[in-house]
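**Student:** I'd like to ask you about the structure that follows.
The values are calculated or read from the model by the stated rules, or taken from the named source; none is laboratory data. Just so you know, these numbers come straight off a predicted model, no measurement behind them. Ideal geometry is used to build each Cβ from the backbone, glycine not excepted, and the neighbour counts take in all protein chains shown.
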Amino acid sequence: MYDVETVRRDFPILSREVNGKPLVYLDNGASAQKPKVVLDTIRRAYAEEYSNVHRGLHTLSTISTENYEAVRGKIAAFLGASDPDTIVMNTGTTEGINMVSYGWAAPRMEAGDEIVLSVMEHHANIVPWHFLRERQGVVLKWVAPAADGSLDPQTVIDAIGPRTKLVAITHMSNVLGTVVDVAAITRAAHERGVAVLVDGSQAAVHMPVDVEAIGCDFYAITGHKLYGPSGSGAIYVRPERLAEMRPFMGGGDMIREVHRDTVTYNDAPMKFEAGTPGIVAQIGLGAALDYMTGLGMEDIAAHESDLRDYARGRFGGLNWLSVQGDAPGKAAIFSFMLDGAAHAHDISTVLDKKGVAVRAGHHCAGPLMDHLGVTATCRASFGLYNTRAEVDVLVDALELCHDLFA
Ligand code: PLP
């Protein structure tokens, strides 16, 4: 039985005040808070078990390497990947997608080849493809969601043409909370010989993920949204794509032998992890995934669905609040504006005075802002420790904004 009050006690920061009010943290879409077990794991990793990995034969290096490598297996299990060697550990989604852009897509795409992507993508799943457009003449083909924010997989499938080499698509919009049927898209793309990269930065936080059931070629996640440390993360790469991919960065750890005239590379996934990795960040991510798995991803999803429905009901009573997107099955992520009123930044500032943390701005989703015809929104994004009472605090604070600005 999911007991949110017990869960909240696991997060030290949630007991602090902001501007004299209890903190109501609704900026989980940007980054989530960390449970005590993650903080304790980080401390222990530095205070008692720290050394570089893969390099020394001494005891601490062995412990550190074992702790670090164990995380690869935890990430694989968390994502439903049967082989831990399909997991490349990195600093997060941005690095993962850039690795695919430089290492896999760039060498096999020519001028006129196409990448299909949705206007809901985060800049991390746009800019690495713009690099290919600028440098190699690759064409970006955009698909848009329906008015309610849902994205019919057929729209994406219909955009795939004879020159399409890749579909790069989010599993969950960080602005609208829309969940995309990436399994259906992958099936159709693969029938046409097209690879699929899924940005799982948001989805992996809020729902169980099974990359092998999805069937995708790449699935990127980022640790700091998963209640883990910033600078941690991973990307799942299907074995066939791993074999095709060139290393993105060169340096220590990713090589087997280096001579004046030759270099040979390590096997995957080490081949794609050059230099000293974020050892402790990654070990902290392992603790975060254990924590989430311990709570149960189904139970986390059910708790957040309840919050979504409750928030949707409360927002429905505010006829001056415009919420962007209401796709069936969406996550508890709400982007909104107050009709005819202040800029999102002003709303966020007033909410902050009430202890409520939301994000205001373009949410690194420029094409979606263009599509919606707005320059900025406020976003309340809920996590596993939020409560219905916090929805009420948000609504009270929004009513104050309405009184101030309308
Ligand atoms: N993709 C989505 C959907 C996101 O929400 C984010 C973070 O906001 C990212 C990618 C980028 O993640 P990171 O900055 O951790 O690399």
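**Student:** Can you tell me which of A376, A406 is without any contact (Cβ under 8 Å) to a residue 40 or more places away in the chain and over 18 Å from the mean Cα position of the chain (by Cα)?
**Tutor:** Going through A376, A406 in turn, the sole match is A376.
**Student:** If A220 passes every condition in (1) small (G, A, S); (2) in a loop (DSSP other than H, G, I, E, B); (3) touching an Asp or Glu at 6+ places or on another chain (Cβ under 9 Å) but one, which one does it miss?
**Tutor:** Single failed check for A220: (2).
**Student:** Only one residue in Y2, Y102 is within 16 Å of the ligand (Cβ to nearest atom) and over 19 Å from L285 (Cα atoms), so which one is that?
**Tutor:** Y102
**Student:** What is the number of the single condition among (1) crowded, with 16+ Cβ neighbours inside 10 Å; (2) out of contact with any helix residue (DSSP H, G or I) (no Cβ under 8 Å at 6 or more places or on another chain); (3) assigned to a loop (DSSP other than H, G, I, E, B) that M1 does not meet?
**Tutor:** Every listed condition holds for M1 apart from (1).
**Student:** So which residues in segment 222-253 are more than 11 Å from the ligand (Cβ to nearest atom) and of a type in the set (S, T, Y)?
**Tutor:** Selection gives Y227, Y236.
**Student:** Pick out the one residue from Y50, Y102 that is surrounded by fewer than 22 Cβ atoms within 10 Å (Cβ to Cβ) and assigned to a helix (DSSP H, G or I).
**Tutor:** Y102
**Student:** Run down G149, G112 and say which single residue is in a loop (DSSP other than H, G, I, E, B), in contact with a Ser or Thr (Cβ under 7 Å, 6 or more places away or on another chain), over 16 Å from A204 (Cβ atoms) and touching a residue at least 40 places away in the same chain (Cβ under 8 Å).
**Tutor:** Result of the check over G149, G112: G149.
**Student:** Scan segment 242-291 for residues that are among the charged types (D, E, K, R) and either in a strand (DSSP E or B) or on the phi > 0 side of the Ramachandran plot (or both) and report the count.
**Tutor:** The qualifying residues number 3.
**Student:** Applying the selection to segment 35-47, what residues are assigned to a helix (DSSP H, G or I) and under 19 Å from L289 (Cβ atoms)?
**Tutor:** K36, V37, V38, L39, D40, T41, I42, R43, R44, A45
**Student:** Taking segment 195-221 as the search range and keeping residues that are closer than 19 Å to D290 by Cβ and either of a type in the set (G, A, S) or within 11 Å of the ligand (Cβ to nearest atom) (or both), which one is surrounded by the most Cβ atoms within 10 Å (Cβ to Cβ)?
**Tutor:** For segment 195-221, the residue satisfying everything is I221.
**Student:** Now for a different question. From the list V175, V138, exactly one residue is within 22 Å of the chain's Cα centre (by Cα) and aliphatic (A, V, I, L, M). Which is it?
**Tutor:** None of the others qualify; the one that does is V175.
**Student:** Is it fair to say V205 is out of contact with any Pro (no Cβ under 6 Å at 6 or more places or on another chain), part of a strand (DSSP E or B) and closer than 28 Å to V143 by Cβ?
**Tutor:** Judged against the criteria, V205 is not a match.
**Student:** Then there is this: Every residue in segment 63-99 that is assigned to a helix (DSSP H, G or I), away from the ligand (no atom under 16 Å from the Cβ) and among the hydrophobic types (A, V, I, L, M, F, W, C), please.
**Tutor:** I63, A70, V71, A76, A77, F78
**Student:** Pairs needed: first member in segment 202-220, modelled with pLDDT of 95 or more; second member anywhere, polar (S, T, N, Q); C-beta distance under 7 Å; at least 6 residues apart or different chains.
**Tutor:** If the second residue must be polar (S, T, N, Q), the pairs left are Q202/N174; E212/S82; I214/T186; G215/T186; C216/T186; A220/T93; A220/S201.
**Student:** What are the residue pairs meeting all of these: first residue in segment 155-179, first residue touching a residue at least 24 places away in the same chain (Cβ under 8 Å) and more than 20 Å from I115 (Cβ to Cβ), second residue within 11 Å of the ligand (Cβ to nearest atom) and of a type in the set (D, E, K, R), Cβ atoms under 7 Å, and 6 or more apart or on different chains?
**Tutor:** Once the first residue is touching a residue at least 24 places away in the same chain (Cβ under 8 Å) and more than 20 Å from I115 (Cβ to Cβ) and sits in segment 155-179, its partners that are within 11 Å of the ligand (Cβ to nearest atom) and of a type in the set (D, E, K, R) give V175/R379.
**Student:** Separate question: Do we have V156 as assigned to a strand (DSSP E or B) and buried (at least 21 other Cβ atoms within 10 Å of the Cβ) here?
**Tutor:** No: the conditions fail for V156.
**Student:** Under the condition of being among the hydroxyl-bearing types (S, T, Y) and over 25 Å from L26 (Cα atoms), which residue from segment 120-178 is nearest to the ligand (Cβ to nearest atom)?
**Tutor:** Across segment 120-178, the extreme among qualifying residues is T155.
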